[in-house]
1. Among the lysines, which fall within straight-line cross-link reach of Lys166, defined as a Cα-Cα distance under 19 Å, with same-chain neighbours fewer than 8 residues apart omitted?
2. Which order, highest average first, do 382-392, 265-275 follow once you tally other Cβ atoms within 10 Å for each residue and take the mean per peptide?
3. So what are the ³J(HN,Hα) numbers for region 285-293, from phi and the Karplus equation (6.51, -1.76, 1.60; θ = phi - 60°), rounded to whole Hz, Gly and Pro as x?
4. Note the per residue figure in Å³ for the convex hull of the C-alpha positions in region 249-390.
5. Relative to the Cα centre, what is the charge dipole magnitude of region 179-268, using +1 at the beta carbon of each Lys and Arg, -1 at the beta carbon of each Asp and Glu, and rounding to the nearest 20 debye?
6. By average Cβ neighbour count within 10 Å, what is the ranking of 154-167, 130-143 from highest down?
7. From the phi of every residue in region 121-137, what ³J(HN,Hα) in whole Hz does the Karplus formula 6.51 cos²θ - 1.76 cosθ + 1.60 yield, where θ is phi - 60° and glycine or proline is x?
8. For Tyr366, Tyr323, what's the largest-to-smallest order of accessible area, 1.4 Å probe?
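The values are calculated or read from the model by the stated rules, or taken from the named source; none is laboratory data. Because the structure is a prediction, the values reported are computed rather than measured. Please note: Cβ atoms are built from the backbone with ideal geometry, for glycine as well, and neighbour counts cover all protein chains shown. Surface areas here come from the heavy atoms of the whole protein model, side chains and all, with no ligands, DNA or RNA. Shrake-Rupley method; radii C 1.70, N 1.55, O 1.52, S 1.80 Å.
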Amino acid sequence: LHQLALAQACVQIGIRDQVGQMWRTRRLTAHVCPGPVGATSSPSASASSSGARVCSGPAIGSSKDGKIVVTLIASGNSGHVCAALFEGNTKGRVRTQILTSRPEVWQGRRPRVVFPCGTVQEGYVDKVSDDPAELIPESDIVLWTGPVNTTKEIFENIRRHIDPQKTAVGTIFAQGLIHVLAQRVFGPDVRFFALRNIPWLCRVTKVGEESEIVGAKSSIGIMTLNLEEDWIKEYLEPLFVVQKTGKWEPVMELLPDFCPAVFNPANQIIHPARYWALFRTWSGQPLSGANEPSEWLYRDMDEVSGEVLKVLDEELQSLKDAYHAATGALGCKSVVTLRERLLDQYGGQIEDKSTLARMVGTNKAYAMARTPFIRTNLGVMPNPNHRVVTDDIGWGLCPLVSIAERLELAGIRTPTSMMRMLIEWHQNMMGKEFLFNGRLRGRDCADLVLLRPDDPLEFVAKAPTPAPKKWLSSADEEGSEHRIGNP
């Protein structure tokens, strides 16, 4: 009755409370199937010969109080927004936890988020810790919200605390071969999801206390392993929507595979092109005077950056087309050129659409991003440890080149000259070695997630799941061999 009253109240104020209705049904059917409501009727839910039901997602709300436990890892811009949204968006049915190296900044436990219209939503953080053993074992969902380049280290350090039968693992932004990493670390049964883009343009205004959504997106793509759409709609979508503004957005759209993230014409090509162009005269000594780069990363992008970016996008599209021709992966159809993506997402905010450089350089959404550099008494140096560099070389261009090298082994060649040039330049600046003699054989490749020479090409789209009980059938086959006793 209490849940019914909540749902009726939501209808009266004009807010679409999808979660409430599904939550009540889930509670009523929990004795039948501990998974999501939709699993009882979806094509993925089937009865075995023993009468057991196969659910399309992990058990949810298995804590003592029946609430869903969501643990956020890291507390940057998007982590702050999540902490303020989750409890209110679900009418208190989610307990939010934060795993962070700085638990002291969350002492208030009541983070706020300010929407573009000025409306404020306040959340509640149930528990904060820097010890994964305190938070992750009881979690229904674990969401990584930090930098792409540290994902591997994070996954490897939480692995022993993850029960794949209970906990779904996800990332708020997908880049590179993130799904391959998830399967390599957590195993083939991992319930994994990744958002193609962060659900909102956002920033922290007061650490541990307040964040701001600059603009919400109407829809975002999501890619999954071992999770069905009914689970996504019931448990994930409600967490991120800006429903307090009177809108149910962003809506999550389930994509057929991970190709839209792998071949995404976004940061992984924009940042390498721009950063190289800004520091192209750098030869190891600080730049000063007229050679000092602009303080703005995107604003007034020059045509040198634009031409390099244009070639990078051409190589990316060629690689995507070659992969699609080889595998038929449906997700490739969702990948458009950089120009098309910019017009689609930011068309009204771009003042000059004459060239790619002008489109990026006059995009109001990009205007406030500053160039990362190290200032010395003699001038400025490129910053080899900034995520503009580390995310988009090791987790952007390098995975793309690894796909090209794997296609080459299959007899399919695709141009990657600009990608390789930019990897070479950045690795020299970073003190790393990814390319050796023009191939991804450098000593630091072990730190990355790349497509290996013996990996099936299908891994790029979706890491395949082994046939059910393959280990058991293999044992039965060997056990049935004709043999008399032990000699």
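1. Lys64, Lys67, Lys233
2. Values: 382-392: 19.0, 265-275: 24.1.
Highest-to-lowest ranking by the protection proxy: 265-275, 382-392.
3. 10, x, 8, 9, x, 5, 7, 5, x
4. Working: hull volume 19.1 nm³, N = 142.
Each residue corresponds to 135 Å³ of Cα convex hull volume.
5. 320
6. Highest to lowest by the protection proxy: 130-143, 154-167.
7. So the J values, rounded to whole Hz, are 10, 10, x, 9, 9, 6, 8, 10, 7, 9, 10, x, 5, 7, 10, 5, x.
8. Correct descending sequence by accessible area is Tyr366, Tyr323.
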